[in-house]
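Shown next, in structure tokens, is the structure this report addresses.
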Amino acid sequence: MTAPQESTFADLGKVLVIIPTYNEAENVERIVSRVRAAVPEVHVLVADDNSPDGTGDIADKLSTEDTHVHVMHRKGKEGLGAAYLAGFRWGIDAGYDVLVEMDADGSHQPEELPRLLTALRTSDLVLGSRWVPGGGTVNWPPHRQLLSKGGSLYSRLLLDVPIRDVTGGYRAFRKETLLGLGMDEVASQGYCFQVDLAWRSVKAGFKVSEVPITFVEREHGASKMSRNIVVEALWRVTVWGVGARVQKLTGKK
């Protein structure tokens, strides 16, 4: 059980960091420890999709040792979007005021979380951005950078959103923002899920800010990126963008 810590972000209310996991046994303890060290007052929810490598069991052990760590055991692998939506609902029902998305593999550095939370004081949604001045990537091959930059550019132009890193997944939401996005209507996954929520936030009139982060390629475990995720994102963004333009031309909502 951890000792009480001074609250640096008490003005934001209760903060929950949601970390979806699937076969992250090599990473989960390390990432939770880094989060708790970076911002001791926050709580962590590990949303595990019934990982066969025992990730959920490790998370359970962490939760017995630290009252700020919680675990959600899900039935199976249903995708990143579904895990985050379940985590958002869990956090809102439990009374959290700020909900943060963070990968389990260390690519989103917990030490940069204070930067996101500080910016949230004057925003409704804060995105950790690789593609604004001061942001970047470490150990990423050129084709991954091209895919990410190209995906963000395509989404930004087609959906008309003033965001440089539309596909990034290191984010801090106010509870009210999530409640205003129509979460029950979100069915997208992967890259597309991140684009979807960012676009919904802009359309709903919420203030969206970007702060620079350094994305670090994972050292342990296998990446969940796949061709299907990229194809889904391209297809959905195209449909959304074309549909929005048709609605604007016809005057229909």
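Some points to look at:
- Restricted to segment 24-37, and to residues there that are in a loop (DSSP other than H, G, I, E, B) and touching a helix residue (DSSP H, G or I) at 6+ places or on another chain (Cβ under 6 Å), the residue that is farthest from Leu116 (Cα to Cα) is Ala25.
- Here Val126, Val166, Val100, Val186 are screened, and the one residue that is crowded, with 24+ Cβ neighbours inside 10 Å, modelled with pLDDT under 95 and closer than 20 Å to Leu85 by Cβ is Val166.
- Failed condition for Leu113, given (1) of a type outside the set (Gly, Ala, Ser); (2) surrounded by 24 or more Cβ atoms within 10 Å (Cβ to Cβ); (3) modelled with pLDDT under 95; (4) over 16 Å from Phe193 (Cβ atoms): (3)
- Taking the listed residues Ala59, Ala47, the one that is closer than 25 Å to Glu112 by Cβ and within 16 Å of the chain's Cα centre (by Cα) is Ala47, with no other qualifying.
- For beta carbons closer than 6 Å, sequence separation of 6+ or different chains, a first residue in segment 232-247 that is surrounded by 13 or more Cβ atoms within 10 Å (Cβ to Cβ) and a second that is assigned to a helix (DSSP H, G or I) and of a type in the set (Ser, Thr, Tyr), the qualifying pairs are Ala233/Tyr191; Val237/Ser155.
- Residue match in segment 202-211 (condition: in contact with a Gly (Cβ under 8 Å, 6 or more places away or on another chain), at pLDDT 80 or above, of a type outside the set (D, E, K, R) and not in a loop (DSSP other than H, G, I, E, B)): yes
- In segment 176-196, the residues that are assigned to a helix (DSSP H, G or I) and touching a residue at least 24 places away in the same chain (Cβ under 8 Å): Glu176, Thr177, Leu178, Leu179, Met183, Gly190, Tyr191, Cys192, Phe193, Gln194, Val195, Asp196
- Output for segment 79-93, where each listed residue is under 14 Å from Val46 (Cβ atoms) and either surrounded by fewer than 19 Cβ atoms within 10 Å (Cβ to Cβ) or free of Cβ contacts under 8 Å to residues at least 24 places away in the same chain (or both): Ala86, Trp90
- Selection status of Ser7, farther than 28 Å from Ser188 by Cβ, without any contact (Cβ under 8 Å) to a residue 60 or more places away in the chain and small (Gly, Ala, Ser): yes
The values are calculated or read from the model by the stated rules, or taken from the named source; none is laboratory data. Bear in mind that the values here come from a model prediction, so they are computed numbers and not experimental data. Neighbour counts are summed over all protein chains in view; Cβ atoms, including those assigned to glycine, are modelled from backbone coordinates with ideal geometry.
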